[in-house]
Amino acid sequence: FHGIISREQADEILAGVEGAYILRESQRQPGCYTLALRFGNQTLNYRLFYDGKHFVGEKRFESIHDLVTDGLITLYIETKASEYISKMTTNPIYEHIGYATLLREKVSRRLSRTKNESRKASVTSEENTPVEKITSLVRRAALTQNDNHFNYEKAHNFKVHTFRGPHWCEYCANFMWGLIAQGVRCSDCGLNVHKQCSKYVPNDCQPDLKRIKRVYCCDLTTLVKAHNTQRPMVVDSCIREIEARGLKSEGLYRVSGFTEHIEDVKMAFDRDGDKADISANIYPDINIITGALKLYFRDLPIPVITYDTYSKFIEAAKISNPDERLEAIHEVLMLLPAAHYETLRYLMIHLKKVTLHEKDNFMNAENLGIVFGPTLMRPPEDSTLATLNDMRYQKLIVQILIENEDVLF
C-alpha cells in the first residue's frame, strides 16, 4: 500500500515489471482505493472495494494477491484468445454432449412410459367443445402434445460457482479459466457453463430431485418438472382429500385450522413428497388440509398468477363491460406459464365444485374470491397500499375465474 499517490506515480513504480501491482489511495477521492496493475506494458487502474472480501467486479477474494492472480489469468486469456472466445458460443456442441444428451434420454424414457395415457387425455380434452365459447384449445394442445409436463419450459437457475480443479463448459466444451467463480451452475439441474454461454442455453432445465430439497417455497414449474407431474402434488393430494370428505364442511377455506397442525402437513410434504399421509386418520379436521393448501400457494416464490401478469389481470378486472372483461381475462390467462395455467385451471374446477355445495358450506364464488384473491396473486412491489387498493379486484378476478371456469379454461 503506497498511500495517496497519483496515477503517474503508480505508473513510474510499476514500469517494466509485468504482473506487478500496488494499492493506492485516490488523490481525487480520499478514502477510495485503487488497484494499479501492470499488464501488457501498461498500468491498469481498478477501483477496489471491500465487504469482508476484496473485489473489483463480481468475484470476491480473501486476499489482494488472489484477486490479482485471477485477474492476470483472465486478462491473459481475453487478450490472447479474444477471437477464439468470441466464436465459442457460435458453434456450440451443447446438442451433442453432456447435459442435452442426458436430458433427451430421460425424456424419451418418460415419453415411452406415458404416451398412451397422454393421447387419451388429449382426445378427451378437445372433444365436444362448443365453438361459440371462449376456449383454450391452443393451450390445451400445447399442454397435451408430447405429454403435458414435458412441454413446460423452465429457464435454468444459474448461480456463480467455484469449481475445484479443471472444468469444461457443457455448452461450448471449452475450458473454464480463473481461480474462483470460473463459471455458473444451475442449482436445479447441475448444468455447468461459462457465464457468457449461459445466455444462449435453451430453457430446457430438467430439475434433479436430489437438488430439490423441499416442496413448499419451491418454484412451481421447478417442482412439477422435478416430480414429473402436471401440477404440484400438494395441490392434487389436498384437493383429493378435501373433495372426498370436506365439500359440505361449513366455512370451507374460510375457517382456519390449527397453525401447528398445518405446519405438520407442510413438513410431511417437504419430507415425504406425494407419499405424505394427510388422511382423516391423521388429520380429522378438514380445515387443516385447506390451510395447508392455502399456505402452499402463499409460500410460492412466484405466485400462481405471476408477477408479470398481475397488472394485466387487474386492468382486465376494471373493465365494466362483462363480455369484454371476460375476453380480456382470457387473453391474460394465455400469458401464464404452462404449469401455472394448469394449476390454476385445476384449482378453479375444484372451487366450482365447492360452490355447488353452497347450501351446506356457505361458500359461494364471491366468498372464495375473498379468500383466494390475495393467496393466488400478489403485486410485484411489496407495497401495502397497492395491495389494499387492489384487493377488490383480486377478489373479482378469482370470482370470475370460478364462475366461468368452463368457458375460460
Of these, L293, L252, L336, L326, which one is assigned to a helix (DSSP H, G or I) and open to solvent by less than 10 Å² (accessible area, probe 1.4 Å)? L293
Which numbered condition trips up A276, out of (1) in contact with a strand residue (DSSP E or B) (Cβ under 6 Å, 6 or more places away or on another chain); (2) more than 22 Å from L376 (Cα to Cα)? (1)
Select from segment 355-372 the residues that are part of a helix (DSSP H, G or I) and closer than 18 Å to L396 by Cβ and list them in ascending order. T355, A365, E366, N367, L368, G369, I370, V371, F372
Residues (open to solvent by 70 Å² or more (accessible area, probe 1.4 Å) and within 15 Å of L408 (Cα to Cα)) located in segment 296-323: P322, D323
Going residue by residue through segment 268-290, is there one that turns out to be among the basic types (K, R) and in contact (Cβ under 8 Å) with a residue 40 or more places away in the chain? no
Which ones in segment 2-41 are open to solvent by less than 50 Å² (accessible area, probe 1.4 Å), aliphatic (A, V, I, L, M) and free of Cβ contacts under 8 Å to residues at least 24 places away in the same chain? I5, A20, I22
Can you confirm whether segment 346-363 contains a residue that is within 21 Å of the chain's Cα centre (by Cα) and surrounded by 13 or more Cβ atoms within 10 Å (Cβ to Cβ)? yes
So G52 passes all but one of these: (1) within 23 Å of F163 (Cα to Cα); (2) not in a loop (DSSP other than H, G, I, E, B). Which condition number does it fail? (2)
I need a count of the residues in segment 255-278 that are surrounded by 13 or more Cβ atoms within 10 Å (Cβ to Cβ) and assigned to a loop (DSSP other than H, G, I, E, B). 6
Can you name every residue in segment 60-98 that is open to solvent by less than 50 Å² (accessible area, probe 1.4 Å), modelled with pLDDT under 90 and in a loop (DSSP other than H, G, I, E, B)? A81, T89, P92, Y94
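Each row is one residue, and each column tells you yes or no for (1) touching a residue at least 24 places away in the same chain (Cβ under 8 Å); (2) open to solvent by 10 Å² or more (accessible area, probe 1.4 Å); (3) under 12 Å from the mean Cα position of the chain (by Cα).
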position	(1), (2), (3)
L209	no, yes, no
V215	yes, no, no
T222	yes, no, yes
K225	yes, yes, yes
N228	yes, yes, no
M233	yes, yes, no
S237	yes, yes, no
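The values are calculated or read from the model by the stated rules, or taken from the named source; none is laboratory data. Since this is a predicted model, take the numbers as computed values, not measurements. Using ideal geometry, Cβ is built from the backbone for each residue, glycine included, and neighbour counts are taken over all protein chains shown. Side chains included, ligands, DNA and RNA excluded: accessible areas come from the protein's heavy atoms. Shrake-Rupley method; radii C 1.70, N 1.55, O 1.52, S 1.80 Å.
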